[in-house]
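Take a look at the structure set out below.
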């Protein structure tokens, strides 16, 4: 079983958020008159960061609840910590995004679902103020699922997890991947895979398992670039999901078996990964609406401008994490735990 702080997992969070950020910045890269095929091809797969996030989330949920007695008190503490973690990092960025929308054009706000965005309801991404926040609806759903499992000691968690996974597979096969049903979304399989990885990792550290995971990684990577590959449903899980699981397994193996730790600055970016994931679209939009993109485009300073843009957004995210997200999360968590007399 995995104990202590997993430095490589935290660093991987940072790399996943960075990959999603650069993926979303590619249209700006092109609009600035830049062209670097290898860079663009590599980061065109940056959306993989989302799947890595889901698997890490399942792993972390298993780690944070391992050994906890199943009762109402522990379920309540878990839920309070997860809800404050989600919303205290999200709402400040959401308010910033809304303010910038109103400054740019007050009428533009009418195309967004404010309350759906505020409470992270399952609404189409195009109606969310921050389109990338669609993933948080799945995070909340999984947190509620884990909370339900913590309510009673009589629930067989392994049986429920397996049954849930089979139900998701059945629904997706039955619908032919044509329609994603939120409560049985194929993304749930990634959370469950991460959750399971926590409990079986100590049993799959031998070299033979490393070879198995490397082969799985190569096959899934091939599927991702296959001409007929569809980036949705079970096809995405079989390719991107499996590839992401392999990456999470490898970084765990390097840390726990070979004591190979990623650099500290990547871990710092991992600390701020949630803020980076949420605010990068807002800051990219500000870069465009402020006229800075036009100023940086089609001249000898375009590449420098793009590099400064990327570095600046990462830096701002780290600052926002330490100045806003972290203290707000700690304060609200303490407050709610105190209100409900929980420790």
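Inclusion of residue 99 among residues that are out of contact with any helix residue (DSSP H, G or I) (no Cβ under 9 Å at 6 or more places or on another chain) and either under 26 Å from residue 316 (Cα atoms) or surrounded by 19 or more Cβ atoms within 10 Å (Cβ to Cβ) (or both) is warranted.
Checking each residue in region 40-63 for being surrounded by 14 or more Cβ atoms within 10 Å (Cβ to Cβ) and free of Cβ contacts under 8 Å to residues at least 24 places away in the same chain picks out only 40. The number of residues in region 126-146 that are in a helix (DSSP H, G or I) and over 15 Å from the mean Cα position of the chain (by Cα) comes to 5.
Each residue in region 201-215 was checked for being exposed (fewer than 14 other Cβ atoms within 10 Å of the Cβ), within 25 Å of the chain's Cα centre (by Cα) and farther than 17 Å from residue 241 by Cβ, and 1 pass. The residues of region 3-36 that are more than 23 Å from residue 282 (Cβ to Cβ) and either under 21 Å from the mean Cα position of the chain (by Cα) or at pLDDT 95 or above (or both), listed by number, are 5, 6, 7, 8, 9, 10, 11, 12. Go through (1) without any contact (Cβ under 8 Å) to a residue 24 or more places away in the chain; (2) loosely packed, with under 13 Cβ neighbours inside 10 Å; (3) more than 19 Å from the chain's Cα centre (by Cα); (4) in a helix (DSSP H, G or I) and name the single condition residue 173 misses. Only one criterion is unmet by residue 173, namely (1). Of the residues making up region 275-288, at least one is assigned to a helix (DSSP H, G or I), under 30 Å from residue 214 (Cα atoms) and at pLDDT 95 or above. Of all residues in region 65-86, those satisfying the criterion of being farther than 20 Å from residue 275 by Cβ and part of a helix (DSSP H, G or I) are 65, 72, 73, 74, 75, 76, 77, 78, 79, 80.
The rows are residues; the columns are (1) surrounded by 12 or more Cβ atoms within 10 Å (Cβ to Cβ); (2) more than 25 Å from residue 89 (Cα to Cα); (3) in contact (Cβ under 8 Å) with a residue 12 or more places away in the chain; (4) touching a helix residue (DSSP H, G or I) at 6+ places or on another chain (Cβ under 6 Å).
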| position | (1), (2), (3), (4) |
| --- | --- |
| 287 | yes, no, yes, yes |
| 314 | yes, no, yes, no |
| 324 | yes, no, yes, yes |
| 328 | yes, no, yes, yes |
| 332 | yes, no, yes, yes |
| 343 | no, no, yes, no |
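Within region 216-259, if we keep just the residues that are free of Cβ contacts under 8 Å to residues at least 24 places away in the same chain and either in contact with a strand residue (DSSP E or B) (Cβ under 9 Å, 6 or more places away or on another chain) or farther than 22 Å from residue 42 by Cβ (or both), the residue that is surrounded by the fewest Cβ atoms within 10 Å (Cβ to Cβ) turns out to be 259. Within region 74-90, is even one residue modelled with pLDDT under 95, farther than 20 Å from residue 321 by Cβ and crowded, with 18+ Cβ neighbours inside 10 Å? Checked region 74-90: no residue is modelled with pLDDT under 95, farther than 20 Å from residue 321 by Cβ and crowded, with 18+ Cβ neighbours inside 10 Å.
The values are calculated or read from the model by the stated rules, or taken from the named source; none is laboratory data. Treat the numbers as computed from the prediction; the structure is a model and nothing was measured. Positions of Cβ are backbone-derived with ideal geometry, glycine not excepted, and every protein chain shown enters the neighbour counts.
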